[in-house]
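First up is the structure itself, then whatever we jot down about it.
Quick note: the coordinates plus some simple rules give every number you see, no bench work behind them. What you see is a predicted model, and the numbers here were worked out from it, not measured in a lab. Note: ideal-geometry Cβ built from the backbone for every residue, glycine included; neighbour counts use all protein chains shown.
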Amino acid sequence: MSTAPEASGGTGVAVQMTGLRRSYGDVHALDGLDLHIEPGEMVVLLGPSGCGKTTALRILAGLERQDAGTISVGGKDLTRVPANKRDMGMVFQAYSLFPHLTVLDNVAFGLKLRGRSRAERRQRAGDMLDMVGLGQHHDRYANQLSGGQQQRVALARALAIEPAVLLLDEPLSALDAKVRVQLRDEIRRVQLDVGTTTLFVTHDQEEALAVADRVGVMHAGRLDQLAPPAELYAAPATPFVGSFVGLSNRVPATVTDGRADVLGTAVPVLAGSAAGSGVALVRPESVRVVPDAGGAATVAAVAFLGPVSRATVTLADGTLVIAQLASSEAAALHVGQRVALSVEPVPVLVVAD
């Protein structure tokens, strides 16, 4: 298990969800989910639609009731505590700002409900707006802000009440690509600065890998794997994780004595790999392509992606393999060209064909 980085702001609390089950008729949204979040850690739940990630977040928030299982935060059992008593800050995909209130009053709203004085509310709200880079916009209204700015206000509002846990439910989905990248980095910076234990839900793999201390990949209501981003990517624990996270080629392989023969290269296999003949999940950046007039593979396409390119190559048996390489190397490739393929000797997961 990774240790969450030290935060300069506050002290986070541990979150424990144990044996959570939630069904909607015959659909099992959560099927015995166990998840532990370290104090001050940001865990990102990643998975396809319907995998249960949002259900888990809403149950932690108290917005939905589980059919079975328990929840504790900071060592306190919150299983039957109502949402308004759970001390959670939430940011949703929709900004949910009050259109008739200024930015400052939006951020201060939760403090007003908690009976804080006007001076204290304004000071705290102003500090939070400064933290998210909107201190100069305190007197504006939501319709005077861009989507990215509105979501920063929503983040400031969630943090203003100093919640025990920050919950982020697809907070960047409504934004364009460039703003998403900027704001995801801003959210991570603020979270580290404040030190709030955070659960972030997204279907965006790049987003998850970029901001998380650990990523939990959910599948059919369960966690298939919970690990730091680099470990999750390099050592998927299940075929689903290997195929869902990032791009993987499915290359014929034969496993003998803990090593797999993949494209003529002997590589180590990861725990959980199938024995005998199977299919190796090989990352495109691990595939090497060399022009070779006598090679057994043929270039089918080359896609330029800026500093890197992806070459799609057809093996003799018709299998398609994608290789990611520097665009300077890809410039030497062309459709119809004969090439030789090999792979880097890094561990792979081999699954039954």
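When segment 15-234 is described by a simple charge dipole with +1 on each Lys and Arg Cβ and -1 on each Asp and Glu Cβ, the residue from 219, 166, 209 located farthest towards its positive end is 166.
Remark: relative contact order (the chain) = 17 percent; criterion is Cα-Cα distance under 8 angstrom and separation of 6 or more residues.
Given Cβ point charges of +1 (Lys, Arg) and -1 (Asp, Glu) and nothing else, what value in debye, to the nearest 20, does the dipole of the chain about its Cα centre take?
Working: 32 positive and 36 negative charges, 243 e Å.
The dipole magnitude comes to about 1160 debye.
Ordering 151, 63, 107 by the projection of their Cα atoms onto the charge dipole of the chain, which places +1 on the Cβ of Lys and Arg and -1 on the Cβ of Asp and Glu, puts 107 at the extreme positive end. Comparing Cα centroids, segment 232-271 and segment 19-85 end up 32 angstrom apart. Using the rule -39500 (n - 2.57) for each DSSP H run of four or more residues, divided by the residues of the chain, the 222 nm mean residue ellipticity is -7500 deg cm²/dmol.
Say we join alpha carbon atoms closer than 10 Å with springs in a Gaussian network model of the chain; which of 260, 56, 83 then has the biggest fluctuation? Taking springs between Cα atoms under 10 Å, the residue moving most is 83. For the listed peptides 111-118, 98-105, a ranking on the average number of other beta carbons within 10 Å per residue, highest first, reads 98-105, 111-118. Each peptide in 231-241, 135-145 receives the mean, over its residues, of other Cβ atoms within 10 Å, and ordering these scores from highest gives 231-241, 135-145.
Altogether, the Stokes-Einstein calculation at 25 °C and 0.890 mPa s, with the Kirkwood radius of the chain over Cα pairs as Rh, returns a diffusion coefficient of 109 µm²/s.
Working ranking of peptides 192-201, 287-296 by packing, defined as the average number of other Cβ atoms within 10 Å per residue, highest first, is 192-201, 287-296. Each DSSP beta bridge with both residues in the chain is either parallel or antiparallel, and the antiparallel ones are about 75%. Cross-link partners for residue 112 among the aspartates and glutamates, with Cα-Cα distance under 12 Å and sequence neighbours closer than 8 places in the same chain left out: 120.
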